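Taking it in order: structure first as C-alpha cells, then the write-up.
The values are calculated or read from the model by the stated rules, or taken from the named source; none is laboratory data. The model shown is predicted, which means the values in this text are computed figures rather than measured ones. FYI the Cβ positions are ideal-geometry reconstructions off the backbone, even for glycines, and counts take in every protein chain you see.
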Amino acid sequence: MTRWAMVADLRRCVGCQTCTASCKHANATPPGVQWRRVLDLEVGEYPAVKRAFVPVGCMHCDDPPCMEVCPSTATRKRPDGIVTIDYDLCIGCSYCAVACPYQARYKTDRASFAYGEPTPAEEQRFDAKRLAVATKCTFCVDRIDAGTAKGLTPGIDPEATPACVNACITQTMSFGDIEDPHSNVSQLLAENQHFRMHEELGTGPRFYYIWDKKEEA
Amino acid sequence: MSYGPKPWHQSNWDFRAALNFIFGGAGAGLLVVAAFSGLAGDALRAEMLLGMALIGAGLISVWFEIGRPLRAINVGFNPFTSWMTRESFAAGAVFALGLAAAWLGSQPLAQAAALTALVFAYCQGRILQAAKGIPAWRVPALAWLNFTTALTEGAGLFVALATLFDTPAKGVLAYFSLALIARGLAWSTYRGSVAKSAARPALAALDRAGKILIQFGTIAPLALLLLGLFAADVARIALLLAGVAALATGWQFKFVLITRAAYNQGFALPHLPVRGTR
Amino acid sequence: MSASLTKGVTGTAVNAPEHPYAALASSGKRATYCYQCVAGPDLLKVKVTDGVATEVEPNFAARGVHPGGGKVCVKAYGLVQKTYNPNRVLTPMRRTNPKKGRNEDPGFVPISWDEAIETIAAKLRAVRETGLRDASGYPRVAANFGGGGTPQSYMGTFPAFLAAWGPVDMGFGSGQGVKCYHSEHLYGELWHRAFTVSPDTPMCNYLISCGANVEASGGVVGVWRHANARERGMKRVQVEPHLSVTGACSAEWVPIRPKTDAAFLYALMHVLLHETARERLDLEFLKQHTSSPYLVGANGFFLRDPETRKPLLWDEKRNAAVPFDTPGCEPALDRKFTCDAVEIGADAEVLAQGSLEGSPSFVKLVAHMQPYSPEWAAGICDVPAATMRRIANEFLDHAQVGATIEIEGKTLPYRPVAVSLGKTVNNGWGGYECVWARTLLATLVGGLEVPGGTLGTTVRLNRPLGERLASVKPGADGFMHYPMNPTDREHWNAQPNIRNAYRSMVPLAADGPWSQALGPTHFTWMFLKETPKGLPTVTLPDVWFVYRSNPAISFWDTKALSETMARFPFVVAFAYTRDETNQVADILLPDATDLESLQLIRIGGSKFIEQFWESEGFALRQPVVEAQGEARDFTDIATELARRTGLLEEYNASINHGAAGVPLKGEGWDFSLDPKRAYSREEIWDAVCRSASAELSDGRQTQGLDWWKENGFATKPFAHADWYLYPTLVAQGLRFEMPYQERLYRIGKELGRRLHENDMHWWDKQLAEYQALPPWKDFPGEWEKSLAVMGGGAKDFPFWLLTARSMQYAWGANVGMQLIKEVADNVAGHRGVIMNAGTAEELGVADGDMVEIATPLASVRAKAVLRQGIRPDTLLLLGQFDHWATPYAKDFGMPSMNSLVPMTLALTDATGSGADIVRVSLKRARGEQ
C-alpha cells in the first residue's frame, strides 16, 4: 500500500523560500497564505549560536488532530496517507486550524489579491470555492493523481511531484512512497538520522527531517 | 505576515468563539441549577428560557464567525470523533427538551433538559481539549475547569437573579459554594498541568485571569456567602454581588483563554543539522 | 468582490476576442532564462493559460547541463507578478514640471511612442551636431545600467545602438566599485584571470569563507553546489561579524570584528610560514609556477639579467643566478644571494647594477609575515589565537599537497582547500591585502587554479571577454600579460575619456568595455560637485539613459546623489515603475519586461559566482505573453532610435559584428543584416539564433527563432578541465605573479610621478597601497578617522553598521513584488535592523522598538530585530531599501545604510573601491516615525 511522505534534509536548506513561492504559484494561494513555508530558527546565545531553516506545512499525519475535530467530515485521509479537505463540505469553523499543532491550515474570509484588484494571473486562478473554508498543503494531490494515472512516479518524475520538491534549489525536499523500501525517501531515511516535528504529541507526521548521516556500523 | 518559530497567538477564533463558551457555559449551568432547585411554573419557565437563550446566543455568535454560515447544518456530520458535532447534538437535545419543558411547565422534562445541558457543557470543554494546536487548551484539566466554571456561572447567575425576588434557598447556596470551591480547585490543577507546555505570554495572561478568578471569583463570593449567612439584613445584596462576581469572573477567564492565552506551540528542533562536519 | 474579477486590468473579460492577450491566447509552457542577478543565468519555464502567464517552474529539460538541476531561485517566481504589476509604467511619459527634485512632482503625462522617441532622437541629433564630447572632453551622452552587467541580458540590441553612437560615459555608477567585489575583480584578473573567485566546490573539502555569503548570493548553482558539498562532508568555516544565512549553514562560525579579515588571513599565513615544516607547503608549485624564487634587490625591484633584463632566480643546480625561464632549474627559496644583475625601477630607470645582493621573493614574504602571529591578530580580530591557529592547520591538513586527480584524462594537482571572500572584505581599504592574502594562501599549498582549490570564474577586463583560458597571453617577466592602463610618461594622460577618470587613475581597470564601471564610479558623482585638481572639470551629461538601475537608492549619500541627479538636463529612463531615480527623468519609456521580450544570450562555460558548467551554448528569452499596455521590446526601441538618429547602418553593422551576442557571419554561414534596412525584433533575433546555432554546430545546423522558442536552449560540451587555469599557464611556461607584487610597485611609483608632475596630490593615500608586500594597516581605524571628519568621535558612534544580501530581493525590481516581500519576511531581518539581544538589553531596547541609527551627519530609523547571531558591536540592515517613490516598496518602513554612508576620497582605495560599512550610534527613537 502506497504511503506518501516528505523528507526535508535540514543540512541542505538555506531558507531561500523558493519552495514557499513555488507552492503559491502551483496552488494559487492568496496573499498571506503559505501552505509551504520555511522557518528561520535561531538557537543558543552569542557567540554559541546556531541557525537552521525548517520547511513546514501540513504533515499529513497518520493520526491527524484536524480530522478528529472536523465536525463536517470535510477533512479526510486517503489510503495513501494524503489528508484532504472537501471545500464544498467545510463550514469554515476553523476548529481544524486550532487543532493543528503545526499551524498548517489557513482560512481566507474575503477574496484578497496582491495589489488590491486582481491581476490577470490571479483572475485566471481565482477559485471562489476556497474562500472562507480551511485550506492547506495537499502534497499537490492533483499532480500526484494525474501523474500516477499516466504511469509516472511522484518524487521522481517532475510532472507528478509536488511543486515545492520540484522547485527546491538545494535538493532539500524529497517526496516518495515510504512503504516502498527502495524508494528515494526510504533510502534517505535508512541512511540518515531523522526526526519528526512534535513527535511527542502522537500525531504520526509523514514529514521527516534529516539532520545527520547515520554512523557507519 | 510571517509567524514562528516562537509561539504566537492563534488568530482563528476571536471574541465570537469566546462568546460561545461564555454564554453557552453559563446557560447550561443555569439550566442545571434551575431544573433541580425546586422551581415550578412560570419561574421555572423563565429560567429555562433564559438558559436556552444564553446557549442560543452563544451558538448564534459562533455562527457569525464561521466562514460558510449557510452550510452550518454540516456541523452535525461527524459525531464519531468531533466534539463540536456532539456539542451541536447536545444543544439540539437541550432545546428540544427545554422548549418542551417550558411549553408544558414540566419539571421532569426540565430536569431531562438539564442533564443534556450537562452533556453540552462537558462537550464544550472537550472541544477545547481536542485542540492539539494550543497547549493551554489541550489538557484534560481544562475540560474540567470549563465544566466547573459553567456550573459555577450558572449557579451564580441563578443566585443573583433570585436575590431580586427573595433570598435563595439554602440548598442552592450550598450547591453554589461547592461549585465555587470545585472551580477554584480545577483552576489550580489546570494551572499545574500547563506550567511546562504553555508559552510564557500565555501563562502570563492566564495568571492574570486566574488571579481574578480566585480572588474575585472564588474567595470574594465565598466570603460574601458567609456574610450573607450571618448578616441577614445584607444577605440579599451580598448574595447578589457574589452571584455577579462568580459569573463575571468566569466570563473574563474564558475570554482570556480563547483570545489572549491561546498561543500555539511554535516549532523547535530536537536535533540541529550537522553542516559538513561537526 | 465585484465584477472586476472577470474583467482584468483593462476592463475586458480575459478570454474575450478583443482582449490584448487573445492574440497570444494559447496554453503551454514557454522556456526562458532568468539573469536578474549575477549568479545566473538560469533556466525556467513559464506556464501560460489562455494567454496569461500563471506559474513559473524549473526547466527540467536542462537538468543534464545546468549545474543547478534546471532550476531557478525564488526571485524568478516573482516574474508573473512583475508582468502584471498594476504599478507598471505602461505608456511613454513626458515630464511637465521643469523643476526636478525629491519633492517636485514630475507631472508625467502619457505621450505616444512617436513623440517620445522623436524627442529623444532630436536631443541626440543635436548632440551629434555639437560634438560627441564636451569642452572637458567627456562624452555628452551617459548611460547607467547597474546590475553587474546583467541588464545587458535584457536590453536586446541596445548595446548595438550605443556602439553605433560612439563615446558613452557609463561611469555614473549605481554602486559599482563599492557594492561589488571590486578589489577582487581587478587583482583577481591580474593574478589568475578571476573577475570573481569561487572555490572548486564540488571537490573542495575545506573552505574558509571570509564574509562570502554564498547561500544568499550564490544563486541556484552556488547554493546547489554547496548543499551537495556539505552533505558530502565539506567543512566551511564562516568568518563574518554576523551569523548570515551562510554562517548558519556552515560547520563553524567565527564572529570576527568588521574590517579585520586581513589580519585574520595574515595570521593564517604566518602559521603556514612560521609554525609548520616548510616541506608541508607545495614547494614544487612555488618554485616552478610562481615568482617565489625571483630575486628582489635593495630597492624593492627584481634583480634582472643585465642582457635580457629577465628577472633572476638562484639555481641550486648551477649554483648561479639565472633568468627565471632557464630550463631544468632547482630554484632556491631560502637565503640571500649575490650576483651580477641590474635593478630597474619606475620609468625604466636603472637603480643599481653590478654585483647586487638579493633575496628570493619567498624569503622576503616569510620575513614580511613574521610579526603577524595569531596572538598579534587576536586582539585586532577579536578571535582567539587558538582558533586561528587551528583553522590554519586544518587548512593545511586538508590541502593534500602532492596529490593528483584525473579530469577527463588529464592528470592535475588536487588540492581540496580554498578561501573565499565576500563584499566589504574584498573591497575598500584592506581589499588589496585580503585578496592578496587569500591568493597567497592558495598559492602556498599549490591550490590556485587546480581541482578542489581556488578558481577564477570569468574575465571582463582581459580579452576575449568571458574566455579565461584564451585570455592568457605571455607578458613580461614570465607572467600573464595584463592590459594595464599606461603609467609611463609618454602614454599616461590626465585627459580621461570619461568622468570617473579610470584610465588615468586606476591602471588595473584596463580599458575595455567593462572598465568604465570598474573605475571609481562614485568619483563621477563626487567630481560633479568639485573636480579635483588636474582633471578636466566634470560636467553634467547632455543626455542620460537609465535602465535597471536606481542609484538614488543603491549608491551612497543618496540624499546628495538625488540632488545632483536633479541637475541633469535630460534624462531618459526605461521605467518599470516610478522610482527614486526616474523621479528626475524627462522621458519615461516602458520597455517590455522579462517575460515579454526577446533575446538570446550565451550560457555555460564558466561565469560569475559559481557558474561552472560542463556545457556551453545559448538560451532564448522569449515573449511568454504579449507586452502589457504600450510596453515595447528594447530591440525595437533601439532600432527606431538608430533610424531616427541616422545611425541605422552603424547599428546594423554593430549587430553583424556581434553586439547582439553572436557575430552574424562565420566560417560557412552568413546571416548578416542589410545595413540599410530597419529590421523587426523577430528578424534580428532569428538571424542571431541561426548564427548561434551555426556557431554551436560548426556550421552544420542553423536553427531559427521557431526552433529556439520550442527548445529554449542548446549547448555543446565545455571541458571540465577548462575550469582550471593552471594547465594553461604551464603549457605557456608562465608563472603566477605571487607573492611579490613588483609590477604593481613599479606602476604605483610611476603613477605617483605622473600625478605629481601634474600637481595632483589628492591621490597620495591611494598610491601608498601599491606595495609589493602589503603590511597590515589599521583598517578599522580608517572608519574611525572618517567619523572625526564628519564631526564625531569613535566612542559616541561605537557600532559597525553592515549590510548583507537578501536572496529574495536582490536584484531587479523585486522590491515592488508583493510575493517577494511576503516570502522574504520569513527570513529574519527583513523588517528592521538586526542587533545583538544582549546589547539591546543594555540599551533598554525591546524587540520591535523603533531605534535611531545615526552618523554625525544623518540618521535613519528602523525597528529593532533582536538576535543572538551578531556581534554585540555590530548592526545589520539587510538589502537596500529606504524607498520613497517606488510603489509598494515605499511603504516598507525599512531604511538603508546608503543614506548614511558618505562618498569620500579618504575611504576610497587605490582600485577606486569603497566598502559598505560605517560607524554609527544607536538609541531608542523618540516620538513617531
Here is a list: B:Ala202, B:Ala179, B:Ala141, B:Ala155. Which entry is assigned to a helix (DSSP H, G or I) and more than 27 Å from B:Gly51 (Cα to Cα)?
B:Ala202
All but one of (1) at positive phi; (2) at pLDDT below 95; (3) buried (at least 23 other Cβ atoms within 10 Å of the Cβ); (4) not acidic (Asp, Glu) hold for C:Gly149; state the number of the condition that does not hold.
(3)
Looking at the stretch A:73-83, can you tell me whether even one residue there is within 14 Å of chain B (Cβ to nearest Cβ), of a type outside the set (Val, Ile, Thr) and crowded, with 21+ Cβ neighbours inside 10 Å?
yes
Only one of (1) more than 9 Å from every other protein chain (Cβ to nearest Cβ); (2) in contact with a strand residue (DSSP E or B) (Cβ under 8 Å, 6 or more places away or on another chain) fails for C:Ser217. Which number is that?
(2)
Within the stretch A:28-51, track down each residue that is crowded, with 24+ Cβ neighbours inside 10 Å and not in a loop (DSSP other than H, G, I, E, B).
A:Arg37, A:Val38
Note on the stretch C:370-391: residues surrounded by 23 or more Cβ atoms within 10 Å (Cβ to Cβ) and closer than 30 Å to C:Lys336 by Cα are C:Tyr372, C:Pro374, C:Ala377
When you look at C:Lys676, is it surrounded by fewer than 17 Cβ atoms within 10 Å (Cβ to Cβ) and in a strand (DSSP E or B), yes or no?
no
Within the stretch C:100-132, can you find the residues that are over 35 Å from the mean Cα position of the chain (by Cα) and part of a loop (DSSP other than H, G, I, E, B)?
C:Gly107, C:Ile111, C:Ser112
Residue by residue through the stretch B:34-75, note down the ones that are in contact with a Lys or Arg (Cβ under 9 Å, 6 or more places away or on another chain) and among the polar types (S, T, N, Q).
B:Ser61, B:Asn74
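Listed here are the residues, each with its yes/no results for (1) assigned to a helix (DSSP H, G or I); (2) within 14 Å of chain C (Cβ to nearest Cβ); (3) over 28 Å from C:Val56 (Cα atoms); (4) among the basic types (Lys, Arg).
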| position | (1), (2), (3), (4) |
| --- | --- |
| A:Ile156 | no, yes, no, no |
| A:Asn166 | yes, yes, no, no |
| A:Gly176 | no, no, no, no |
| A:Glu179 | no, no, yes, no |
| A:Ser186 | yes, no, yes, no |
| A:Ala190 | yes, no, yes, no |
| A:Met197 | no, no, yes, no |
| A:Trp211 | no, yes, yes, no |
Do you know which residues across the stretch C:795-831 are more than 14 Å from chain A (Cβ to nearest Cβ), over 17 Å from C:Ser217 (Cα atoms) and within 31 Å of the chain's Cα centre (by Cα)?
C:Phe797, C:Pro798, C:Phe799, C:Trp800, C:Leu801
Within the stretch B:3-20, considering residues that are without any contact (Cβ under 8 Å) to a residue 40 or more places away in the chain and at the interface with chain A (Cβ under 8 Å from one of its Cβ atoms), the one farthest from the chain's Cα centre (by Cα):
B:Tyr3
Specify the residue that is nearest to C:Gly838 (Cα to Cα); the eligible residues are those in the stretch A:12-54 that are of a type in the set (D, E, K, R) and facing another protein chain (nearest Cβ under 7 Å).
A:Glu45
Checking the conditions here, which among A:Ala132, A:Ala104, A:Ala111 is touching a residue at least 40 places away in the same chain (Cβ under 8 Å), surrounded by fewer than 19 Cβ atoms within 10 Å (Cβ to Cβ), part of a loop (DSSP other than H, G, I, E, B) and among the small types (Gly, Ala, Ser)?
A:Ala111
Residues being in contact with an Asp or Glu (Cβ under 6 Å, 6 or more places away or on another chain), farther than 27 Å from C:Asp916 by Cα and either among the small types (Gly, Ala, Ser) or surrounded by fewer than 24 Cβ atoms within 10 Å (Cβ to Cβ) (or both): count how many of those fall in the stretch C:197-228.
0
Taking the conditions exactly as written (more than 7 Å from chain C (Cβ to nearest Cβ) and in contact with a Cys (Cβ under 8 Å, 6 or more places away or on another chain)), does A:Ala5 satisfy them or not?
no
Within the stretch A:135-150, track down each residue that is among the hydroxyl-bearing types (Ser, Thr, Tyr) and not in a loop (DSSP other than H, G, I, E, B).
A:Thr135, A:Thr148
Inspect all residues belonging to the stretch C:9-32 and state whether any of them is modelled with pLDDT of 95 or more and touching an Asp or Glu at 6+ places or on another chain (Cβ under 6 Å).
no
Go through C:Pro110, C:Pro92, C:Pro98, C:Pro106 for me and flag whichever is more than 14 Å from chain A (Cβ to nearest Cβ), crowded, with 24+ Cβ neighbours inside 10 Å and either farther than 30 Å from A:Gln17 by Cβ or at pLDDT below 95 (or both).
C:Pro92
Filtering the stretch C:226-253 down to residues that are more than 7 Å from every other protein chain (Cβ to nearest Cβ), within 24 Å of the chain's Cα centre (by Cα) and hydrophobic (A, V, I, L, M, F, W, C) yields C:Val237, C:Val239
Out of the residues in the stretch C:596-633 meeting the condition of being closer than 18 Å to C:Ala660 by Cα and of a type in the set (A, V, I, L, M, F, W, C), tell me which one is surrounded by the most Cβ atoms within 10 Å (Cβ to Cβ).
C:Ala619
Residue in the stretch B:260-277 that is assigned to a helix (DSSP H, G or I), in contact (Cβ under 8 Å) with a residue 60 or more places away in the chain and away from chain A (no Cβ under 14 Å) present
no
Quick check on the stretch C:322-339: of everything there that is among the hydrophobic types (A, V, I, L, M, F, W, C) and within 14 Å of C:Lys287 (Cα to Cα), which residue is surrounded by the most Cβ atoms within 10 Å (Cβ to Cβ)?
C:Phe324
